Amino acid sequence: MNPQSPSGAENGARIQGAGLYENASGPGPRLITASTLTGDRVINRSGDTLGEISEIMLDVPRGRVAYAVMSAGGVLGVGKKLFAIPWNALVLDTDRHCFILDVPAERFKDAPGFDKEHWPEQADEQWHRDLHAYYRAPLYWE
């Protein structure tokens, strides 16, 4: 078991909290539908709200979650910036029903982001390597 992973997950989002995820459609929190998690807040260790999960991206050939898409900013959906967050950089907090990302809010000023019209190229391995390095997360496929 990974000592930094309360749930024992080596390459996935870690889980903390005592209870089951209340709105889970499945036997969560270890097995949960992706739609249950979309809309969840993403906060940092200081309690700052960074954004919310808008999509969960799957690497179908590898059978793994590649990253979560966090949306932040904007007004009424206009001007929102999207951020790819490595799945294994997130901690699912089942008590507070949110994700924790151990990154200060000001780090997003320089974070690699994109808009809904210009998604990153999934096949670009260097993009994934740079993304995981930015968040100091291990590559999800290793």
Seminar exercise, completed: Quick count over region 115-142, residues being modelled with pLDDT under 85 and of a type in the set (Ser, Thr, Tyr), is 0
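Listed here are the residues, each with its yes/no results for (1) modelled with pLDDT under 80; (2) under 13 Å from VAL91 (Cα atoms).
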residue: SER25; (1), (2): yes, no
residue: THR33; (1), (2): no, no
residue: ARG45; (1), (2): no, yes
residue: GLY63; (1), (2): no, no
residue: SER71; (1), (2): no, no
Problem set entry | In region 77-117, the residues that are assigned to a loop (DSSP other than H, G, I, E, B) and among the hydrophobic types (A, V, I, L, M, F, W, C) | VAL103, ALA111
Exercise. Yes or no: LEU37 under 17 Å from the mean Cα position of the chain (by Cα), modelled with pLDDT under 80 and among the aliphatic types (A, V, I, L, M)?
Worked result: no
Exercise. From the set of residues in region 112-142 that are in contact with a helix residue (DSSP H, G or I) (Cβ under 7 Å, 6 or more places away or on another chain) and crowded, with 16+ Cβ neighbours inside 10 Å, which is farthest from ASP59 (Cα to Cα)?
Worked result: TYR135
Exercise. Any residue in region 53-60 that is in a strand (DSSP E or B), modelled with pLDDT of 95 or more and crowded, with 20+ Cβ neighbours inside 10 Å?
Worked result: yes
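The values are calculated or read from the model by the stated rules, or taken from the named source; none is laboratory data. Model, not experiment: these values are computed from the prediction. All Cβ positions, glycine included, derive from the backbone under ideal geometry; neighbour counts span all protein chains shown.
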